[in-house]
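Structure first, commentary second.
Values quoted throughout were computed directly from the atomic coordinates according to the rules given, and no laboratory measurement underlies them. Since the structure is predicted, the reported quantities are computational estimates derived from the model, not experimental observations. Cβ: placed from backbone, ideal geometry, glycine included. Neighbour counts: every protein chain shown.
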Amino acid sequence: MNESRLIVGIGELLWDLLPEGARLGGAPANFSVASARMGNHAVILSRVGRDEFGHKAIEELDRMPIDASQIEIDPVHETGQVDVRFEQGEPQYSIHEPAAWDFLELTDAWVQLAERADALCFGSLAQRCCESRQTIQTLAAQTKSGCVRIFDVNMRAPFYSGEILQESLELATVVKLNQTELPEVLNLLGLPMEEAGNRELQRVGAQRLLDEFPMLDLIAVTRGAGGSLLVRRNEWNDHPGYPVTVSDTVGTGDAFTAALVHFLLQGADLATLNRAGNRWGSWVATQTGAMPKLPESLQAELMTATSAK
């Protein structure tokens, strides 16, 4: 069951400037690190500057079980940085621009990876500039028919639009978004939904996306401490989440997505996917930063506990 797969995350690699100091992050990078910790060959496709933050990013990733060999070095633009503050426990972001990851360059090596990938994860934030947007969408279109293509909606104002959402959803087989993003996405697509908190309406909203985009197979709606909802055309599963003492929520959704994809590739049912996503996401919430240290004993415990109801 625990077969290693080639999983690719493409997009932003940046430093979260938290109150306690700088921590490496960026949704595709967080996703890729978590995927690697689950035993996969996970590759991050991104771009950093020729600066101290860029050097430190490569140095830090080299200590993790992730393949960072394809990260590009930008001779002009700085490594991405984000100012992070917390309001009522939820992170608020001020994203510096431009950044090196706004200029992802399509290469033959990247195309070859996309063609071989079992899963490819991309988001909306990294598509804020046309260069990276074109590169990401080209790679998603180059994947094989059986590749799981995950669109991780990451709506950071003002860096998204209905056009980006439409184009990305047309390329994806799986969509992950949170309960606040769901009605906003539907409204931008002309499929209005008024409420975010009602669970029945969330199922209805997810079904609208499935009806509108025939290539989609699965919608994941996360609710923070309230767990998550998974919806397919003919089935759904609702998980209440696991109660934990939260340190911060940076990277929790990315760990959720990584676990979801890992067990999806193993052929797991929706209940298992939901347990896996919530267990990994809740563990990251107990830590500081998006890529916390993970002892081998705890890694094994998380993987084993996923199959337990």
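Numerical summary
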{"read-out": "The stretch 91-209 - charge dipole about Cα centre, Lys and Arg +1 at Cβ, Asp and Glu -1, debye rounded to 20", "value": "320 debye"}
{"read-out": "Label-point gap, in nm, between I58 and T245 - each point 7 angstrom along Cα→Cβ", "value": "4.0 nm"}
{"read-out": "Close Lys-Lys pairs in the chain, where close means Cα under 29 Å and separation is 8 or more or interchain", "value": "5"}
{"read-out": "For V231, net neighbour charge (Lys/Arg +1, Asp/Glu -1) across residues whose Cβ lies under 15 Å away", "value": "-1"}
{"read-out": "Fully extended contour minus Cα-Cα distance, from E235 to D217, at 0.36 nm per residue", "value": "5.4 nm"}
{"read-out": "Structure-based [θ]222 nm, the chain - -39500 (n - 2.57) summed over DSSP H runs of at least 4, per residue, nearest 500", "value": "-11500 deg cm²/dmol"}
{"read-out": "Relative exposure of I219, I7, judged by other C-beta atoms within 10 Å (fewest first)", "value": "I219, I7"}
{"read-out": "Footprinting exposure proxy for W280, W110 (fewest neighbouring C-beta atoms within 10 Å first)", "value": "W110, W280"}
{"read-out": "Distance between modelled label sites at R199 and E115, nm, 7 Å Cα→Cβ extension", "value": "4.6 nm"}
{"read-out": "Positive dipole terminus of the chain, leading residue within G289, F86, V175 (C-beta point charges)", "value": "V175"}
{"read-out": "Extension gain from Q92 to T286, taking 0.36 nm per residue of separation minus the Cα-Cα distance", "value": "68.0 nm"}
{"read-out": "(1) 128; (2) 145; (3) 120, with the label sought being that of the calculated volume of the Cα convex hull per residue in Å³", "value": "(3)"}
